[in-house]
Structures are given as C-alpha cells and as structure tokens.
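A short reminder: the numbers here are calculations on the coordinates, not readings from a lab. Everything numeric in this text was worked out from a predicted model, so none of it was measured. When we count neighbours, we look across all protein chains shown, and the Cβ atoms used for this are built from the backbone with ideal geometry, even at glycine.
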C-alpha cells in the first residue's frame, strides 16, 4: 500500500490514475485471499489477472501523465533533475 500511496502522491493525486492503481492492487490481494482460501483456482486466476491488468494500465497512464505534464512546479523526476544539476 505505501508504494501506491507514494506513486499517487508523485502524480499529484490524479484521481483516475490513483483509482486504477488502488483497484488493481485490491483485486490482486482479494483474488489471492478469496481464491486461494475459499473460492478456488479459477476465481483466483481471473481476478488476479484482472488486477494485474489494471496495475499495468495505471502505471502506463501514470507514465503518460508524467511525460505530457507541462506544469513546471511538478517535480516528477527529482533524481534525474538532481543528476543533471550536479553535472
């Protein structure tokens, strides 16, 4: 959960991206818990794959958001900027 929180914070809480990432994470966790212990292999596999797809989509949308953001006050890639300043 902390990784998703910090990723959402870095994208300045874009609600669409945050929702997709949290939903994907919750689907992966619930697919594993409910499928593994109660509902069976088919449920576990399908829900985990759906959650994984949502995580991939959320990361892709976040990548695109960072690449197209023109707000100079957003510090999307602080490490890269620090390296450029040091050189």
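Approximating the spin labels as points 7 Å out from Cα along Cα→Cβ, the residue 36-to-residue 56 distance works out to 2.2 nm. For residue 66 and residue 23, the FRET efficiency from 1/(1 + (r/R0)^6), where r spans their Cβ atoms and R0 equals 25 Å, is about 0.80.
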